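Okay, so here's the structure we're looking at.
The values are calculated or read from the model by the stated rules, or taken from the named source; none is laboratory data. Since the structure is predicted, the reported quantities are computational estimates derived from the model, not experimental observations. Note that each Cβ is placed from the backbone with ideal geometry, even for glycine, and that neighbours are counted across all protein chains shown.
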């Protein structure tokens, strides 16, 4: 009896301590971060009303009473623009919300009725509050983690190795300019700025063309650092590890030393502060991946996404010997990876979609399991933009999707089958997949609430245990 | 003899120590900061070649050998975009450079031949180098200095007092919304964000309409803080000093306390860092003022500019008891204030222009003289856009300006007389002044070099003593 009492008291204390949770959402650009966060806030705010959250026990049992936005703690971080996002979804015609840039934050108070069992059944206050701090930041920032392991020379060599033929073509202007540079020559500020701009332009074109493995991440979203020397560096091709001594002996004003100084400043004053001031404070994290988009874009981009994700996931590998653990001792205790836009394929493909996501992340997942980071992989649609319909095709019943294209044309389509493992040559040869972007459903078409696929499952994994 | 030797050695050492100078350029938006800095860099780079700098002794005596841009020290501050500015001026048709946003920096190495006299005539190396760090930042940031003396309540009261009838009309949307607020009510994040946006919108409209006395300065150029709660506050009208105790006893989540917290965060994390990290490191400063623009805009805006300048100049008042001296111990040892766009009036008006500038700044100048800050007032045109021409009008010879309007029409005009003291009612009644904006001269019209008015005089005051 006494031991039970102690345990239950302990539970109560635990619950008190857990009343606050910092949940971060990330993903490479266009993975669907804004839609996810908008839907998450909407579903929690409308729990018990229009929101359908059957896979979240607190909601299913009617214990989730709702959520309210309250003042966030860090006044210097932009607030996640939920109202603007909802306004876009409610517009005529409905639009996808504007993507966020940089980091943003939102604090929710979630009211729920704790489960009552055991000794304290019927005791205590009727409801409890969980303070949920939500953060949204570009996955591109995590691609910068490896920079911390590199110095300028090794980073230059590494970047050179990752230039595929198509990436090389997109970076043509930069390559031409950098080829003429002598690392030992005196740096000309204006020249370096111009070449760095060509390098950034190459990264931007590569992103436009669907590539993901882009470094350094801030070159794509410079913000207040636009035009600062810290964003005016680039790798020097053709360097060799054998040149190290010669290069490091070059005078301070040489091109090599100037670029190396900027690279170092970037590591110290751009990459590290994000990990130190934000990342290591997150409790939980969901990484969104647009698998279908990459599948649609062909083998070179799919390969590129795979490489980018492997890099990105290093930030969650807290093995004792990982770079991150040594530097920042982060504390994320639960991680979700989700293939978004599941509404863009028919429901029987969802299992394949998860399988493919796991295949894509096979190596990082192995490392994470080894490091004992609790992990869940799922597929979801934050805001469902299609409806499923059965049609008869050549005498057979088939499931197809109905939705509005971005141009506003109503379409009925079967997007194809998702391969359950990494696609091989013959898949690409068949071009078996036709991804179509849909715009959000209008209020009339979707009815009350914001329809989704498995947002409730994601919520259960990410916050469900704090609502018991 | 020995004493002379000691003195001259001392001079040499002094010179060694003075080889570095940090010169800052500021002014309210449209005062002409970008044109000034572009011209300054151009004139120094082309000294001894196309640049005419007769009022700068080092140049006149042929001792100024030129200047070169080199790597700046702070890699995290945007570099002043000199090349882009020159490209705009060289375009067909020529354009004024894009205004800079926020702070920017540029480092020059100026080569000169020291004056040789006394004992060391003919001794030592042939030339010396002065490292000139140039900074450019919005004068609006200096308008925030008084915030450091206020708390939220006193600032609210102060802001209320400065709303003129026309400013009130421009802030109508905000005033309507804020009037309905109860300071004691619980803060609603989204509501405060919306009202703050209306307040910022009011500031932006006021700036569009030619007003200058706008607080807080960062609301106009938010940069990476866009959407952050620290920029989501505004004054509460109708507060009284007698309410202080009642207001300060309000709960933490009240509207009053929420706004007061944000105001405080703004002071601590936005205003102070600029003074601490940049301002107190400047050695010399030039403040540019568009007197003619204000004269053209009528009495309410002229009055407003006068108030804004009085506030702005407080940042240079280093009297022992000034706020700034107590907080940051800045060290500016020379200050220039310049009425820009002198080419927009005929030359015989220049003396009046300086007199009017001094009248406009009479109070701050008095304080600065008292605080023993060396000060020079002048009029100049960074990049001259007009040519002076004599015409015969009603039998009399008159001087007029010839230039191209922004629309590209060639114009011949007499803009009117500049009053040598603060204009009184009858001046405004006569509407005696017709300011016309001109575009830069084309290469053909201006010939070699970048023509200016008294840039050399400004340079002499700001750096001349370091080139001896």
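Checking A:126, A:136, A:144, A:179 one by one, the residue that is at pLDDT 95 or above and either crowded, with 19+ Cβ neighbours inside 10 Å or away from chain B (no Cβ under 14 Å) (or both) is A:136 and no other.
Among the residues of the stretch A:202-217, are any closer than 30 Å to residue A:73 by Cα and either in contact with a strand residue (DSSP E or B) (Cβ under 8 Å, 6 or more places away or on another chain) or within 14 Å of another protein chain (Cβ to nearest Cβ) (or both)? Yes: one or more hits.
Where helices (runs of 4 or more DSSP H) fall wholly inside the stretch B:1-94, the ranges with 2 or more residues that are buried (at least 21 other Cβ atoms within 10 Å of the Cβ) and at pLDDT 85 or above are B:33-45, B:57-60, B:82-90. Is one or more of the residues making up the stretch B:413-427 modelled with pLDDT of 90 or more and assigned to a strand (DSSP E or B)? Looking through the stretch B:413-427, none of the residues is modelled with pLDDT of 90 or more and assigned to a strand (DSSP E or B). Pairing each residue of the stretch A:132-150 that is under 20 Å from residue A:231 (Cβ atoms) with any residue that is outside any helix (DSSP H, G or I), provided the two are 6+ apart or on different chains, yields C-beta distances under 6 Å for A:137/A:26; A:137/A:103; A:139/A:26; A:139/A:27; A:139/A:28; A:140/A:220; A:143/A:215; A:144/A:216.
One residue stands out among those in the stretch A:95-109 that are more than 8 Å from chain B (Cβ to nearest Cβ) and in a loop (DSSP other than H, G, I, E, B): the one that is farthest from residue A:281 (Cα to Cα), which is A:95. With respect to residue B:401, determine if the residue is at pLDDT 90 or above and part of a strand (DSSP E or B). For residue B:401, the condition - at pLDDT 90 or above and part of a strand (DSSP E or B) - is met.
Quick one: how many residues across the stretch A:227-268 are over 18 Å from residue A:186 (Cβ atoms), surrounded by fewer than 18 Cβ atoms within 10 Å (Cβ to Cβ) and within 13 Å of chain B (Cβ to nearest Cβ)? Number satisfying all stated conditions: 2. Could you please let me know if residue A:343 is modelled with pLDDT of 90 or more and under 19 Å from the mean Cα position of the chain (by Cα)? In short, yes. Out of all the residues in the stretch A:153-174, which are more than 13 Å from residue A:206 (Cα to Cα) and buried (at least 17 other Cβ atoms within 10 Å of the Cβ)? A:153, A:155, A:156, A:157, A:159 - these are the residues of the stretch A:153-174 that are more than 13 Å from residue A:206 (Cα to Cα) and buried (at least 17 other Cβ atoms within 10 Å of the Cβ). Just to be sure before I move on: is residue B:445 surrounded by fewer than 20 Cβ atoms within 10 Å (Cβ to Cβ) and within 24 Å of the chain's Cα centre (by Cα) in the structure I sent? Criteria not met by residue B:445.
Of everything listed in (1) within 15 Å of residue B:259 (Cα to Cα); (2) touching a helix residue (DSSP H, G or I) at 6+ places or on another chain (Cβ under 9 Å); (3) touching a residue at least 40 places away in the same chain (Cβ under 8 Å), the single unmet condition for residue B:193 is (3).
So if I check each of B:227, B:238, which one is at positive phi and in contact with a strand residue (DSSP E or B) (Cβ under 7 Å, 6 or more places away or on another chain)? The conditions single out B:227. Here are some conditions: (1) out of contact with any helix residue (DSSP H, G or I) (no Cβ under 7 Å at 6 or more places or on another chain); (2) free of Cβ contacts under 8 Å to residues at least 24 places away in the same chain. Residue B:370 meets all but one. Which one does it not meet? The single condition residue B:370 does not satisfy is (2).
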